[in-house]
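The values are calculated or read from the model by the stated rules, or taken from the named source; none is laboratory data. Since the structure is predicted, the reported quantities are computational estimates derived from the model, not experimental observations. All Cβ positions, even for glycine, are placed from backbone atoms using ideal geometry, and neighbour counts span all protein chains on display.
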Amino acid sequence: MATFRKLPSGKWQAQIARNGIRKSATRATKREAQDWAARQEYLATNAEPPKSQVTVKDAFDRYAREESPKRRGERWEIVRLECLSSDAIAEKRLAELEPADLADWRDRRGKEVAPGTVRREMNLISSVLTTARREWGLIEHNPMSDIRKPTPPPPRDRRVSSDEIDQLMQASGVDLNTATARAVHAFRFAVETAMRAGEIVGLTDETVDRDKRVASLPKTKNGAARQVPLSTAAVALLDELPETDGPLFGLTSQQLDALFRKVRDKSEIENLRFHDSRHEAITRLARKLDVLSLARTVGHKDVKMLMIYYNETAEELAQRLG
């Protein structure tokens with residue numbers, strides 16, 4: 001709290017003490033002294049801590065405020081950073097953070113979640129530390145670069161059969177006025193187009209040209225816009241949907257995920273995820289498109305990524321050989 005004292009000269013002296021910071025100044029009038037004190041108290045309250053006092057949690061919080069909003073996965077990043085901030089490593093001073101601290105966190109975290117989750121969280125922490133080094137000048141080296149990541153799990157190769165699609169449709173019903181039926185319809189559309197769930201729920205009449213058979217995606221997972229060619233079958237699936245002024249499928253990402261899981265479990269289909277539609281779609285499209293066209297269609301800038309999703313069996317390849 002600030003204190004004020006009138007000096008024999010008629011001027012006013014102001015003193016502040018806030019967060020360990022003490023300052024004083026003399027001004028011609030009491031109002032000027034009060035204005036100075038208010039400003040100094042604000043600065044003392046909101047000032048960034050000295051570099052030597054910045055904790056890992058401080059870095060997480062700043063990254064969530066300044067960097068995460070720039071990314072498409074803002075919500076996921078902020079939730080992850082909040083979770084990481086509750087770990088003991090967050091109380092460590094950033095300047096004192098060592099590879100051994102991060103290795104200890106990695107090993108502890110590995111007992112709680114899958115290796116893939118640990119790798120994703122390590123990438124996020126590394127991004128925070130890199131920003132702290134390059135942009136904020138808080139550290140001279142990123143200690144995450146000195147520790148190994150858990151071995152990545154083998155790529156998922158789950159395919160979707162026609163029988164399974166029939167089972168899903170039987171469980172959901174065919175009345176597309178119901179959200180449950182539209183969730184399975186979205187899955188069928190995904191198998192036909194290789195579009196992601198988040199891309200599908202964002203489709204509107206404005207983003208789909210049915211005559212040219214093209215869906216325009218203004219923002220995708222990698223942050224770039226993309227145009228997706230649609231097969232005749234894909235357009236037919238869109239034409240079956242009820243008319244709407246909003247998103248064509250009338251679902252949010254959360255609703256689609258929950259409803260699809262519900263129908264899958266009702267169908268008693270094991271080990272099936274909505275994203276498996278992308279594996280199936282890319283494998284099917286590979287029979288019709290060359291590698292570069294396929295990569296452009298599904299939005300992969302690196303054609304090597306196609307190998308993660310291309311899961312044609314040896315038996316299918318043999319049949320194509322004749």
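Checked against (1) free of Cβ contacts under 8 Å to residues at least 40 places away in the same chain; (2) over 20 Å from D175 (Cα atoms); (3) among the aliphatic types (A, V, I, L, M), A236 passes all but condition (2). I'm told T131 meets every condition in (1) buried (at least 17 other Cβ atoms within 10 Å of the Cβ); (2) of a type outside the set (D, E, K, R); (3) without any contact (Cβ under 8 Å) to a residue 60 or more places away in the chain except one. Can you identify the failing condition by its number? Checking T131 against (1) buried (at least 17 other Cβ atoms within 10 Å of the Cβ); (2) of a type outside the set (D, E, K, R); (3) without any contact (Cβ under 8 Å) to a residue 60 or more places away in the chain, the one that fails is (3). As a summary of the residue check, T151 satisfies the conditions (1) among the β-branched types (V, I, T); (2) in the same structural domain as S293 (by TED's automatic domain parsing); (3) at pLDDT below 90 except for the one numbered (2). Residues that are in a helix (DSSP H, G or I) and free of Cβ contacts under 8 Å to residues at least 40 places away in the same chain within the stretch 93-112 comprise E96, A100, D104, W105, D107, R108, R109, listed in sequence order.
Of all residue pairs spaced 6 or more apart or on separate chains, none has beta-carbon atoms under 6 Å together with a first member in the stretch 27-39 that is within 16 Å of G10 (Cβ to Cβ) and a second member that is among the polar types (S, T, N, Q) and surrounded by 11 or more Cβ atoms within 10 Å (Cβ to Cβ).
Report, by residue number, each residue of the stretch 154-164 that is at pLDDT 85 or above and in contact with a helix residue (DSSP H, G or I) (Cβ under 8 Å, 6 or more places away or on another chain). First the steps, then the outcome.
From the stretch 154-164, those at pLDDT 85 or above are 158-164; that's our starting set.
Those that are at pLDDT 85 or above and in contact with a helix residue (DSSP H, G or I) (Cβ under 8 Å, 6 or more places away or on another chain): R158, R159, V160, E164.
Against the numbered list (1) at pLDDT 95 or above; (2) surrounded by fewer than 17 Cβ atoms within 10 Å (Cβ to Cβ); (3) over 29 Å from R75 (Cβ atoms), Q167 comes up short only at (2). Can R196 be described as in the same structural domain as L238 (by TED's automatic domain parsing), charged (D, E, K, R) and in contact with a Lys or Arg (Cβ under 7 Å, 6 or more places away or on another chain)? Yes: the conditions hold for R196. Looking for something surrounded by 14 or more Cβ atoms within 10 Å (Cβ to Cβ), in contact with a His (Cβ under 8 Å, 6 or more places away or on another chain), modelled with pLDDT under 90 and not in a loop (DSSP other than H, G, I, E, B) - is there at least one such residue anywhere in the stretch 300-319? Checked against the condition, which is being surrounded by 14 or more Cβ atoms within 10 Å (Cβ to Cβ), in contact with a His (Cβ under 8 Å, 6 or more places away or on another chain), modelled with pLDDT under 90 and not in a loop (DSSP other than H, G, I, E, B), the stretch 300-319 yields at least one hit. Name every residue in the stretch 163-202 that is among the hydroxyl-bearing types (S, T, Y) and touching a residue at least 40 places away in the same chain (Cβ under 8 Å), in order of residue number. Scanning the stretch 163-202 gives S172, T180, T193.
The listed residues are R133, R109, and the only one of them that is under 22 Å from the mean Cα position of the chain (by Cα) and not aromatic (F, W, Y) turns out to be R109. Just one residue in the set V228, V263, V160 is assigned to a helix (DSSP H, G or I), in contact (Cβ under 8 Å) with a residue 40 or more places away in the chain and hydrophobic (A, V, I, L, M, F, W, C); that residue is V263. Of the strands (runs of 3 or more DSSP E) entirely within the stretch 1-92, those holding at least 1 residues that are surrounded by 14 or more Cβ atoms within 10 Å (Cβ to Cβ) and within 44 Å of the chain's Cα centre (by Cα) occupy 12-18. Selection of the stretch 157-216 for residues being closer than 15 Å to T232 by Cα and β-branched (V, I, T) yields V191, T193, V208, V214.
Identify, please: which residue in the stretch 239-255 is of a type in the set (G, A, S) and assigned to a loop (DSSP other than H, G, I, E, B) and is, among those, nearest to H275 (Cα to Cα)? Let's see the steps before the verdict.
Going residue by residue through the stretch 239-255, those that are of a type in the set (G, A, S) are 246, 250, 253.
Within this subset, residues satisfying the condition of being assigned to a loop (DSSP other than H, G, I, E, B) are 246, 250.
Numbers: G246: 24, G250: 19 Å.
Here the answer is G250.
Whether a residue is of a type outside the set (S, T, Y), over 16 Å from G198 (Cβ atoms), assigned by TED's automatic domain parsing to the domain that holds R182 and touching a helix residue (DSSP H, G or I) at 6+ places or on another chain (Cβ under 9 Å) was assessed, and V291 passes this test. The set of residues in the stretch 163-194 that are of a type in the set (G, A, S) and not in a helix (DSSP H, G or I) comprises G173, A194. Scanning the stretch 98-117 turns up one or more residues that are closer than 26 Å to R65 by Cα, of a type in the set (D, E) and either at pLDDT 90 or above or surrounded by 14 or more Cβ atoms within 10 Å (Cβ to Cβ) (or both).
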